[in-house]
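Please see the structure below; I have some questions.
The values are calculated or read from the model by the stated rules, or taken from the named source; none is laboratory data. Only a predicted model underlies this, so the values are computations on that prediction, with no experimental measurement involved. As a convention, Cβ positions derive from the backbone with ideal geometry for all residues, glycine included, and neighbour counts pool all protein chains shown.
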Amino acid sequence: MMETNRYIVDGLHRLDGEVWVHGAKNAALPILAASLLCDECEIENCPDLSDVHAAENILKHLGCKTLWETDMNGKKVLSIKSTGVSACDIPDNLMREMRSSIVFLGAIIAQCKKATISYPGGCELGPRPIDIHLSSLRKLGVEIQEDGECLECSVPQKLHGAEITLPFPSVGATENIMIAATLAEGETVIRNAAREPEILDLAGFLNACGAKIKILSDGTVAIHGVNHLTGCRYRVIPDRIVAVTYLCCCAAAKGEILLKGTKPEHLSAVLPVLEEMGCKLKIGREELQICCNTPLQSVSSISTMPYPGFPTDALAPVMAAACFAHGSTVFIENIFQDRFKHAWELCRMGADIQAEGRIAVVRGVECLHGARVRCTDLRGGAALVAAALGARGKTVIEDIRHVLRGYEKLDKTLNSLGASIICEL
Ligand code: EPZ
């Protein structure tokens, strides 16, 4: 029997109302990996997503106990007890579930002094090597043998601090080193480290458990190794890409929405773009209001960069909005090699996009029309939802499992704002 797994979106319904922005997937995942080193911790605002469940399955396989509860405000809390860790491997089926499984390597190594894993899965955005992860862990004293399928890692002596300069500010590699170095002997310094808010959140979590991590003003991360981490109760930051996605949905469908529980300072590269496109924004400390009642205008060019630059994860949702803008917008993707797969799906809906290599040129059209399209990856799928909300007629979006990896109740939340989305799973 064919498995149904799609949204059916009836477009051109205005969005009005309030949205609570859930916790950040990309902050929660490394924190869950790091929880392996703590006795017991409680993660507040933990998003209830398939990627988080994949991380939970890895923790359970390793011998941790996990429990979901709901706090007084109705928000999800995930408790992890890591005192019974008994395994030091991640089976291939769990590794393939998501890219972030690689961040468990630093944690398992620090906890067990050995680890056996295979290569991680995740969104198909072009080649996603793990060479920076592995060379950095080697500098901390890890011996790694690769046979093309499996990685056998061990620490012959002790994990020790090291000076590491990353060739590229890789988010995952920075996280892996931070986690492993927390329990290493001596000082580790990571230069050219990633500076994403999720890195600060991981440092905040580890420090709350007794780690000694400092992030300097130039982004350098200094970690003074400690012997043991205790536990803590920690609140994950709100998801900045989920916030951008709702803003783009509103830009495409028109309307006025208020995002609550968000951190506008994490969106400093995206908000000016939306303003230039003609969206009216009111920026509060933890709230963000967007009002889009007039036709959108194009912006000359948008170039993705590591934080604090324009985030690669925001490219696809903003591209969906640009499809409706008057004039041409040029998108330049500098992080991943193949991040425009969704562009061809947008074209099925009547968008005018020419994409080649790392550059895509979007010429705005007056209206998109409904079509049968397929999610190619997480953010590309979210872009199709945003585009479908502004399109005339019905759009059938297939393969929405990608979207469920990163968005909690996307259909229900948008429906509560006035959208018309049927989710068939
Ligand atoms: C994180 O992926 C995010 N994932 C991604 O979010 C995000 O797109 C990306 O950072 C960039 O911001 C999580 O946090 C779970 P990288 P990560 O290592 O850590 C190359 C989403 O939609 N590279 O900074 O995998 C790599 O190939 C996702 O939520 C190497 O060459 O990103 C890429 O071109 C998708 N060797 C670039 O660096 C390495 O060893 C950036 O990757 C590691 C990375």
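Of the residues K280, K263, which single one is at pLDDT 95 or above, charged (D, E, K, R) and surrounded by 15 or more Cβ atoms within 10 Å (Cβ to Cβ)?
After applying the criteria, what remains is K263.
Also, I was wondering about something else. Can you find, within the stretch 103-124, the residue that is nearest to the ligand (Cβ to nearest atom) among those that are in contact (Cβ under 8 Å) with a residue 60 or more places away in the chain and under 20 Å from D399 (Cα atoms)?
C123
Please work out if L36 is without any contact (Cβ under 8 Å) to a residue 60 or more places away in the chain, over 25 Å from R372 (Cβ atoms) and not polar (S, T, N, Q). Don't jump to the end; show me each part of the working.
On the way: without any contact (Cβ under 8 Å) to a residue 60 or more places away in the chain: no; over 25 Å from R372 (Cβ atoms): yes; not polar (S, T, N, Q): yes.
In short, no.
Which one of these is more than 16 Å from the ligand (Cβ to nearest atom) and under 26 Å from L258 (Cβ atoms): A316, A325?
On the way: A316 fails: more than 16 Å from the ligand (Cβ to nearest atom).
A325 is the lone residue from the list that is more than 16 Å from the ligand (Cβ to nearest atom) and under 26 Å from L258 (Cβ atoms).
Give the stretch 336-352 a look and list any residue that's surrounded by fewer than 21 Cβ atoms within 10 Å (Cβ to Cβ) and within 24 Å of G309 (Cα to Cα), or say none. Give the derivation first.
Residues of the stretch 336-352 surrounded by fewer than 21 Cβ atoms within 10 Å (Cβ to Cβ): 336-338, 341, 344, 347-348, 350, 352.
Selection gives F336, Q337, D338, K341.
Which of the residues spanning the stretch 171-221 are closer than 22 Å to L37 by Cα and among the hydroxyl-bearing types (S, T, Y)?
Residues satisfying the conditions are T174, T182, T188.
Residues checked against (1) buried (at least 20 other Cβ atoms within 10 Å of the Cβ); (2) away from the ligand (no atom under 16 Å from the Cβ); (3) assigned to a helix (DSSP H, G or I):
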| site | (1), (2), (3) |
| --- | --- |
| S135 | no, no, yes |
| I144 | no, no, no |
| E152 | no, yes, no |
| N176 | yes, no, yes |
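Can you tell me which residue is surrounded by the fewest Cβ atoms within 10 Å (Cβ to Cβ) among those in the stretch 181-209 that are among the hydrophobic types (A, V, I, L, M, F, W, C) and within 15 Å of the ligand (Cβ to nearest atom)?
L200
Let me ask something additional. Collect the residues in the stretch 182-219 that are charged (D, E, K, R) and under 22 Å from the mean Cα position of the chain (by Cα), keeping them in residue-number order. Steps first, please.
Quick first cut of the stretch 182-219, residues charged (D, E, K, R) only: 185, 187, 191, 195-196, 198, 201, 212, 214, 218.
Matches in the stretch 182-219: R195, E196, E198, D201.
Here's a check for you: in the stretch 159-174, which residue that is near the ligand (Cβ under 6 Å from one of its atoms) and under 10 Å from N192 (Cβ atoms) is surrounded by the most Cβ atoms within 10 Å (Cβ to Cβ)?
Top of the filtered list is S170.
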